[in-house]
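In what follows, a single structure is set out as structure tokens and then discussed.
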Amino acid sequence: MRLHWHRRDLRLADNRGLAEPADPPVGVFVFDDEVLAHAAPPRVAFMLEALSTLRAAYREQGSELLLRRGEPTGTVPDLAEAIDADAVSWNRDYSGLAQRRDDHVAEELKDEGRLPRPFHDAVCHPPGSITTTQGEPYAVYTYYWKKWRDREKDAPRSVPELAGAEEVPELAGAEDVVEVDVAPGELPTVEELGFAEPDAAIPTASTEAARELLESFLAEDVLRYAEARDYPAEACTSRLSPHLKFGTVGIREVDAAVRERLDEVSGEERESIETFRSQLAWREFYAQVLYYNPDVVTENYREYEHDIEWENDPDLLEAWKRGETGYPIVDAGMRQLLAEAFMHNRLRMIVASFLTKDLLIDWRHGYAHFREHLVDHDTANDTGGWQWAASTGTDAQPYFRIFNPTTQGERYDPDAAYVARYVPELRDVDPGVIHGWNDLSADERETAAPGYPAPVVDHAERRERALETFERARGEGGT
Ligand SMILES: Cc1cc2nc3c(=O)[nH]c(=O)nc-3n(C[C@H](O)[C@H](O)[C@H](O)COP(=O)(O)OP(=O)(O)OC[C@H]3O[C@@H](n4cnc5c(N)ncnc54)[C@H](O)[C@@H]3O)c2cc1C
């Protein structure tokens, strides 16, 4: 008997840890309080729905997904003992917390004579497999990407045979190790796990839903992805991020479908698909950055000579969080986050630059807010994105390249359609007025959109201040 411990692989198809060992597994998911301490309502809701569909898929095959609550160290080995499993498989997670947890579980299993079987599953190319010629992990994306693109990829794994529930008579007896504080076999609700129901509508969380997204994206949007992906009103990106985070779809399955489409087209369409693949490679680049540098969650990857003197004004931070900075494109992004638990990538870059450069607020505050609200929050990608914007990351935006929020709005939302979607006060305002909001007088603003705030800071002034701050951190000039 083998136990498969699901974590961020909430699916049966294309699941290496589930499929590769020959013996049919019985599945378990453990509600881990240490992981839940970093969770947020949208992700808990997504995870519970994904678990519910995963359990239905197990049952359709005459098997069962067991549920436990507690510390995995202890819970997983106890369950392995209760069902007399000789091996426990799982798919690796690359954060420091996950690695420490998995090492403990592996040690406990070994002490009891059971075999721990960790697999690389979440990425096409695991950390350490794409390195510089000196064998070092890459800190520059471009070189990593070229190798990632050209390296052969594994084919998707099929759904394995699962252990029949009747083959595991001990399961009934194993109820005494149940620590889910609801009826055995029942999924807890969002509230029972200690969270409020999310305010935002959550995308459907299942393999089927992920496949539908992938299929419709590959049919059309991927062909214009290269030119349209930066225009938030177009909404032409895949929206696969929560599925890749929770593993409701396998990366080999995604990659194989993308490559199949690549072979069907040529010229600009082919380049557009390659641009999409390069985003999948960013995800794996950041996974290896996190794996080799677990501290990037709390510490700057790139140290300056002196500390960056963040100003951390609490009122400005609140205005940013609420989407009330008086910079329409920034506010639209922040309000999309609150309304949908999601934000378009161009907006993530704009609002992160605005927080760290215009407001001079430490990226860790922005990261914490994203973690609290994003359905797709992923430690590697989120720290990667924040540290990029703050000019503290591996392959970061140079500190002197500071986004101008007005120009960004004009360029990427020329008709202000995205702003109008999320900022109701500006819905009936002419795009020209929206893009010139910081040039208007108080009276003109009051007439155009009563109630919508004046800019909380002056971008030109703050840009200079940010440059001075970063130059001081670099030990250059300034007082
Ligand atoms: C400040 C900041 C914070 C971010 N936080 C997260 C996060 O918590 N979780 C997250 O998945 N992405 C994060 N991103 C990256 C990116 O914004 C999202 O992956 C993307 O918007 C998700 O939408 P999509 O699935 O439609 O993307 P698509 O454009 O369709 O891309 C496909 C997939 O590629 C990956 N991807 C795309 N862009 C990036 C990128 N820049 N870095 C790493 N992977 C990428 C994602 O898995 C995404 O689902 C962040 C970016 C920034 C600038």
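The values are calculated or read from the model by the stated rules, or taken from the named source; none is laboratory data. Here the structure is a predicted model, which is why all the values come from computation and not from measurement. All Cβ positions, even for glycine, are placed from backbone atoms using ideal geometry, and neighbour counts span all protein chains on display.
Computed values, structure above
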item	result
Helices (runs of 4 or more DSSP H) (entirely within region 1-92) containing at least 1 residues that are under 20 Å from the mean Cα position of the chain (by Cα) and surrounded by fewer than 24 Cβ atoms within 10 Å (Cβ to Cβ)	33-36, 41-60
Cβ pairs under 6 Å, 6+ apart, first in region 186-208 and closer than 17 Å to F31 by Cα, second small (G, A, S)	L187/S52; V190/A45
Of all residues making up region 251-279, the number that are over 14 Å from A226 (Cα atoms) and either within 11 Å of the ligand (Cβ to nearest atom) or of a type in the set (D, E, K, R) (or both)	11
Top-ranked residue of region 224-250 - restricted to ones that are farther than 22 Å from R157 by Cα and of a type in the set (A, V, I, L, M), ranked as nearest to the ligand (Cβ to nearest atom)	A235
Some residue of region 339-348 being in the same structural domain as R463 (by TED's automatic domain parsing), more than 9 Å from the ligand (Cβ to nearest atom), in contact with a Pro (Cβ under 7 Å, 6 or more places away or on another chain) and not in a loop (DSSP other than H, G, I, E, B)	no
Unique residue being at pLDDT 95 or above, more than 23 Å from the chain's Cα centre (by Cα) and buried (at least 16 other Cβ atoms within 10 Å of the Cβ) when the list is L223, L213	L223
Filter result for T406 (in contact with a Lys or Arg (Cβ under 6 Å, 6 or more places away or on another chain) and not assigned by TED's automatic domain parsing to the domain that holds L36)	no
Of the criteria (1) more than 8 Å from the ligand (Cβ to nearest atom); (2) under 22 Å from H38 (Cβ atoms), which one F354 fails	(2)
Pair list, Cβ < 9 Å and 6+ apart or interchain, from region 158-170 residues that are over 23 Å from A256 (Cα atoms) and buried (at least 16 other Cβ atoms within 10 Å of the Cβ) to residues that are among the aromatic types (F, W, Y) and at pLDDT below 95	L162/Y58; A165/Y58
Residue among Y304, Y291 that alone is of a type in the set (S, T, Y) and in a loop (DSSP other than H, G, I, E, B)	Y304
Test: residue in region 358-381 that is small (G, A, S), near the ligand (Cβ under 10 Å from one of its atoms) and in a loop (DSSP other than H, G, I, E, B)	no
Inter-residue pairs, beta-carbon under 7 Å, first on the phi > 0 side of the Ramachandran plot and in region 1-14, second among the basic types (K, R) and surrounded by fewer than 24 Cβ atoms within 10 Å (Cβ to Cβ), 6+ apart	D14/R157; D14/R252
Helices (runs of 4 or more DSSP H) completely within region 390-479 that count 3 or more residues being closer than 30 Å to A228 by Cβ and free of Cβ contacts under 8 Å to residues at least 60 places away in the same chain	405-412, 431-435
T383 modelled with pLDDT of 95 or more and touching a Ser or Thr at 6+ places or on another chain (Cβ under 6 Å)	no
Search result, residues across region 318-340 that are buried (at least 18 other Cβ atoms within 10 Å of the Cβ) and among the aliphatic types (A, V, I, L, M)	A319, I329, V330, A332, M334, L337
